[in-house]
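This report refers to the structure that appears directly beneath it.
The values are calculated or read from the model by the stated rules, or taken from the named source; none is laboratory data. Source: prediction; values computed, not measured. FYI the Cβ positions are ideal-geometry reconstructions off the backbone, even for glycines, and counts take in every protein chain you see.
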Amino acid sequence: MNLTVFKRLCLGISAWFCVATLCAQEAPRPQWCYETLDTTVSIVPDRGMLSIRGTGTLVLHHETSSVDLRVNGSWQTLRFESLSSRAGDSKINVLNPEHKAWRIGTLQFSKPRAPGSRIQVEFELVKERDAFPLAVKANAAVAISDAVWLPVSGDMGCDLPPGKLTFLMPVGWHAASNGKVVASGMREGRAFETYQIPKSHQRAFIAAPYHLANGRAPTSSIDLYLLNATLNSSRLLESFAAARQFLEERYGPVPFADYKIAEMPNDLVPWYGASEEGLIITRNEMMGSEEAVLNNFVHELAHAWWGNKVTPTGPGSYLLNEGMASFSGIEFFESRVGREGALAYLEFGSPSSSPDATTYGYLQLACSGKDVPLAALKPDSGDDYNIAQSKGVWVLRMLADRVGRERFFHVLRMLESEPNLTQERFRKAFEAEAPEMGLSQFFRQWLDRPGIPVIGLEWRNQNATGKPRALITIFQKQRGEPYDLDLEVLLRTRKGVVTRSVHIDRAQVTVEIDLPGELVDAVVDPGSRLLVWRPSYRTLCTPR
Ligand SMILES: [Zn+2]
């Protein structure tokens, strides 16, 4: 199965995906939305069974004499067992030839209902088969929001109301879902847990015979739902709390106070993890080390702002959700392991991260002719997703270096109030806040063109005046216009090592530099401040 088709591919390995851009598309007004919605999910794992009973109030947005309630997204997994309402007669499991997976329940009213009318409905759904986003096996049950496992209006979604979500499960099982557990216990020989789901949350869950570890802060909680992963829970919870504090210091209070992180058996579904609102699901094999779990957590948590609170739209929106999530992860990682460790991770990854979302991975992709400018990233492309997480992270780092971290995060906090942020708007906001920084040119060269600078350097000592002095020539070898860069050059002389900044804006720039002693070696951008071609990528093509 080609997993790269999913638009919310998330973190690393191509099967990661998350709900970051779920609400990004602008849609016309749906036929109806829920005003209330309470649901009970019954799981019988031994028989692979799942049923969902719900009661809700629909509010009509148009005058109509019938309404449709649709389940299933792109995968056929559920069917209606029943649909009833005092308002009219129902038909269930109606098909739509354009969307073969959909099962539609229709309520027919005796006379047209006016906009604003409220309709009470009751429904029961049952699982017909396991599918990509929803599965029930003997060891666990999972349903993410992509399954569309609660009826929605036609082909459009709407903001969901708060509501109760109760799970009935075998004794010893727990369910991880969005929000808070408000009741739990035994009912008819089975375990139950009731969640209060906050407003606007797409419902998702995973249930299994979990053991729980809790980390509590005054206004929030992080719960860890573990099966077999051998992790030090208390150390991990401390790291999570530190990561949350780190991000909150930069972006403000996290939009979801309560977070659940749940391990998923490797054989349940063919994907590696998912980020839902307040819920992170991670496959067991991705939980090999605390570092791996932590890195995943920070990326997913950053989506709470960059993907969920702000749902970027338009071309290049990947930079503002996936790019920002990975950028935030690197910033946190750097605060823990230092700059060198963070740069190594950014360039070459780690045993538990995706090799495609690294600088090396990006250049590999560029070498195979698949590079696109960051301003033109398309949200359905797996390659573009990786570009956002590699070159995109670099460009955000260079921008933060240029304007200073304080101003950088100040602008981001301002932009958080714009739910449909575009890359164009992002650029304009930075240009307005830092007019002296030449950012329009910075953005043009880093966002509007593919590739990176390929810098060459030649030098020779110049002894004519008797003073140690060297001629340094810097070449730009990449295709297209030369970049405008302030390039640091490290100069090793026989009387010490010095660094100098050289401004380059042409294909070839030569400067004369006074030195303490005879020059013996010169290195371009020794501190890795810029995304430029480096000798460590030499097993790849040299981009031209
Ligand atoms: Zn992501």
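Away from the ligand (no atom under 16 Å from the Cβ) and on the phi < 0 side of the Ramachandran plot: which single residue out of 423, 389 fits that description?
423
Please state which one of 279, 346, 294 is touching a helix residue (DSSP H, G or I) at 6+ places or on another chain (Cβ under 7 Å), crowded, with 24+ Cβ neighbours inside 10 Å and aliphatic (A, V, I, L, M).
Being touching a helix residue (DSSP H, G or I) at 6+ places or on another chain (Cβ under 7 Å), crowded, with 24+ Cβ neighbours inside 10 Å and aliphatic (A, V, I, L, M) holds for just one of 279, 346, 294, which is 346.
If we keep just the residues of segment 69-110 that are touching an Asp or Glu at 6+ places or on another chain (Cβ under 6 Å) and either of a type in the set (D, E, K, R) or assigned to a strand (DSSP E or B) (or both), which is surrounded by the most Cβ atoms within 10 Å (Cβ to Cβ)?
So, considering only residues that are touching an Asp or Glu at 6+ places or on another chain (Cβ under 6 Å) and either of a type in the set (D, E, K, R) or assigned to a strand (DSSP E or B) (or both), the one surrounded by the most Cβ atoms within 10 Å (Cβ to Cβ) is 104.
Looking at segment 128-173, which of its residues are surrounded by fewer than 19 Cβ atoms within 10 Å (Cβ to Cβ) and charged (D, E, K, R)?
Within segment 128-173, 128, 129, 130, 137, 155, 159, 164 meet the criteria.
Kindly check whether there is at least one residue in segment 208-221 that is in contact with an Asp or Glu (Cβ under 9 Å, 6 or more places away or on another chain), surrounded by 15 or more Cβ atoms within 10 Å (Cβ to Cβ) and assigned to a loop (DSSP other than H, G, I, E, B).
Yes, the conditions are met somewhere in segment 208-221.
Can you spot a residue in segment 497-513 that is part of a loop (DSSP other than H, G, I, E, B), buried (at least 16 other Cβ atoms within 10 Å of the Cβ) and not assigned by TED's automatic domain parsing to the domain that holds residue 361?
Looking for residues that are part of a loop (DSSP other than H, G, I, E, B), buried (at least 16 other Cβ atoms within 10 Å of the Cβ) and not assigned by TED's automatic domain parsing to the domain that holds residue 361, one finds none in segment 497-513, hence no.
Which residue out of 229, 302, 257 is of a type outside the set (Phe, Trp, Tyr), under 25 Å from residue 409 (Cβ atoms) and surrounded by fewer than 23 Cβ atoms within 10 Å (Cβ to Cβ)?
One residue alone meets the criteria, 257.
Count, please, the residues in segment 306-321 that happen to be in contact with a helix residue (DSSP H, G or I) (Cβ under 7 Å, 6 or more places away or on another chain), part of a loop (DSSP other than H, G, I, E, B) and within 11 Å of the ligand (Cβ to nearest atom).
Matching residues across segment 306-321 total 1.
Tell me which of these residue 420 doesn't satisfy, since it passes every other one: (1) in contact with a Ser or Thr (Cβ under 6 Å, 6 or more places away or on another chain); (2) assigned to a helix (DSSP H, G or I).
Only one criterion in (1) in contact with a Ser or Thr (Cβ under 6 Å, 6 or more places away or on another chain); (2) assigned to a helix (DSSP H, G or I) is unmet by residue 420, namely (2).
Please list, ordered by first then second residue, the pairs with beta carbon atoms under 9 Å, 6 or more apart or interchain, first in segment 494-507 and at negative phi, second of a type in the set (Ser, Thr, Tyr).
Between residues of segment 494-507 that are at negative phi and residues that are of a type in the set (Ser, Thr, Tyr), the close pairs are 504/483; 505/483.
If the requirement is being free of Cβ contacts under 8 Å to residues at least 24 places away in the same chain and of a type outside the set (Gly, Ala, Ser), which of these qualifies: 193, 98?
98
Take the residues in segment 273-305 that are more than 12 Å from the ligand (Cβ to nearest atom) and part of a helix (DSSP H, G or I); name whichever of them is modelled with the highest pLDDT.
In this case the residue turns out to be 284.
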